[in-house]
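The values are calculated or read from the model by the stated rules, or taken from the named source; none is laboratory data. Just so you know, these numbers come straight off a predicted model, no measurement behind them. Heads up, the Cβs are rebuilt from the backbone with ideal geometry, glycines too, and the neighbour counts pull from every protein chain shown. Calculation scope for accessible area: heavy atoms of the full protein, side chains included, ligands and nucleic acids excluded. Shrake-Rupley method; radii C 1.70, N 1.55, O 1.52, S 1.80 Å.
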Amino acid sequence: MIKAAQEIKAVLGEDVVGFDEDEIETHGYSDWSTSNSSGRAVAVVYPRSTEEVSRAVAICYRYNVPIVPYGAGSSVEGNSSSPYRGIVIDVSRMDNVIGFHPEDMDVVVQPGVNWAELNKTTENEDLFLPLDPSPTATIGGMVSTNCSGTNAFRYGTMKDWVVNVTVVLANGQVIKTRRRPRKTSAGYNLTSLFVGAEGTLGIVTEITLKLAVVPKETSVAVVSFPTIAKAASAASNIIRSGVQLAALELMDDVQMQLVNQHGSPAVRAMNWDETPALFLKFAGPSKQTVDSDIKRVEGLIQSYDPSRYVFAKDKEDETRIWAARKEALWTMISIKPEGHAIWSTDVAVPISKLAEIIELSKTDAGKLGVFSSVVGHVGDGNFHEAIMYDPKDPAKKAAVAEVVHRMTDRALEMEGTVSGEHAIGIGKMDALFNEVGPDTVHVMKLVKNALDPKWIMNPGKVFELPSGSVTAAPSQSSS
């Protein structure tokens, strides 16, 4: 591994390869992540182009060295950890917008481009990428995990916005999956093969994205309810009504209490009711359309006993109100005691089952005697549960794991999925097997074998390494 890193340094330059222990640690462990491994890479490579990625990967392939692609490091399932050591390829320096075509409503970017900065680049043309994940997320990671965010209810997930990708395969070969038109029926849909593959099939180095028109008018509202069941049922009624919301989010009573106590000053000033709440984002072509939707929603929720209805009076108000939802994860991390971990994971179920699974999951977590909270993209039937615990306490750690496993099992019983938007990573390999079954996993592995016969691309994610794999040094424990 060291020999490969030294050769990459000789080929690409001293400033491209880092051996600093703190730097390696930052790339190997994340406070964001539910799953971390004890393994660490031997070096971090910072390429600036597809060609440099290709040359680095080809060297790793020749030496049979594991490769771990790395974006912003904000994923939560251990997607960018290094259980088999190897070399991290950090694409953060590949942060250029290569081409912007407003007349075609698309943009070509490198993987290190931050999505929020991209939207600043395109806003003068009234266009935007409507995904809304963590503000730290970059396009490469968003593609690799098929991420979504609060706007997925209206706009879909990352797979719906990727036109094509340029990918460096495990042997250093470079391919482009298709051309720039929005529609094609030419050959296999290789673009979708790499979206959500978590870097296990190749490293995405260039992406063409569709863009949407920025809505002319927007507004937001927050509605408080006495119970999760009432909030979820109200959400289901709103969805069936056909109101064209941009986002429909849920925060439980614990999370509302948390933003009241630890949110930013503007969020705390709202003095939120500490009961379950729906966060609604309205978007339309005119103020009249948005105002009409707001009035419809007010009528639709009355039978669910709303206790408070807060709506934005202007754009400043809109930003302040929605900030409570955007700060959910930050507030949880801010109160985490030293040495504690947050097990934060998600599932998705048919909307009709959402209230039931949330209440059962909250009841299970409540019995642990630790901090737990639920937030959700209720419009998609997707919710996240976060549980804070001391990982040095084996009994508590095992109890938390059992609660999470019951949640994923329950989701499958309800015809749902074990991962709505965070992918599989380290922590959900068994859950993936339970969801799709052995035959489907076998087909996935056939694809993996064809594109990465040495299993060096992000090994230990999505599937366990097969015995005899060239990268399979003694497996490092994960948590």
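What the table shows:
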quantity: Close pairs from the range 149-163: first over 13 Å from Val378 (Cα atoms), partner among the charged types (D, E, K, R) and in a strand (DSSP E or B), Cβ under 7 Å, at least 6 apart; calculated: Trp161/Lys210; Val163/Asp106; Val163/Lys210
quantity: Test: residue in the range 461-475 that is open to solvent by less than 50 Å² (accessible area, probe 1.4 Å) and modelled with pLDDT of 95 or more; calculated: yes
quantity: Residue match in the range 447-456 (condition: open to solvent by 70 Å² or more (accessible area, probe 1.4 Å) and under 21 Å from the mean Cα position of the chain (by Cα)); calculated: no
quantity: Residue tally, condition among the polar types (S, T, N, Q) and either part of a strand (DSSP E or B) or open to solvent by less than 10 Å² (accessible area, probe 1.4 Å) (or both), over the range 353-371; calculated: 1
quantity: Residues that are at pLDDT below 95 and of a type in the set (S, T, N, Q), drawn from the range 27-55; calculated: Ser30, Ser33, Thr34, Ser35, Asn36, Ser37, Ser38
quantity: Meets criteria (within 26 Å of Lys216 (Cα to Cα), open to solvent by 30 Å² or more (accessible area, probe 1.4 Å) and under 29 Å from the mean Cα position of the chain (by Cα)) for Ile239; calculated: yes
quantity: Pairs with Cβ under 9 Å, 6+ apart, first in the range 438-460 and within 12 Å of Pro66 (Cα to Cα), second basic (Lys, Arg); calculated: Trp455/Lys448; Met457/Lys448
quantity: Residue count, the range 141-166 (criterion: at positive phi and over 11 Å from the mean Cα position of the chain (by Cα)); calculated: 1
quantity: Cβ pairs under 7 Å, 6+ apart, first in the range 188-214 and under 20 Å from Val97 (Cβ atoms) and of a type in the set (Asp, Glu), second in a strand (DSSP E or B) and open to solvent by 10 Å² or more (accessible area, probe 1.4 Å); calculated: Glu206/Ile98; Glu206/Val108; Glu206/Thr166
quantity: Answer residue from the range 421-459, given it is touching a strand residue (DSSP E or B) at 6+ places or on another chain (Cβ under 7 Å) and modelled with pLDDT of 95 or more and is farthest from Val347 (Cα to Cα) among those; calculated: Ile456
quantity: Residue list for the range 121-140, filter: over 21 Å from the mean Cα position of the chain (by Cα) and not β-branched (Val, Ile, Thr); calculated: Glu123, Asn124, Glu125, Asp126, Leu127
quantity: Selected residue (only one of Ser292, Ser286 is more than 30 Å from the chain's Cα centre (by Cα), over 30 Å from Asp31 (Cα atoms) and loosely packed, with under 12 Cβ neighbours inside 10 Å); calculated: Ser286
quantity: Enumeration of residues in the range 60-81 that are of a type outside the set (Val, Ile, Thr), open to solvent by less than 10 Å² (accessible area, probe 1.4 Å) and modelled with pLDDT of 95 or more; calculated: Cys60, Pro66
quantity: Where Lys3 falls short, out of the listed (1) within 21 Å of Ile456 (Cα to Cα); (2) buried (at least 21 other Cβ atoms within 10 Å of the Cβ); calculated: (2)
quantity: Residues of the range 295-352 classified as open to solvent by less than 50 Å² (accessible area, probe 1.4 Å), assigned to a helix (DSSP H, G or I) and of a type in the set (Ser, Thr, Tyr), total; calculated: 2
quantity: Selection within the range 6-59 - surrounded by fewer than 20 Cβ atoms within 10 Å (Cβ to Cβ), among the small types (Gly, Ala, Ser) and part of a helix (DSSP H, G or I); calculated: Ala10, Ser54, Ala58
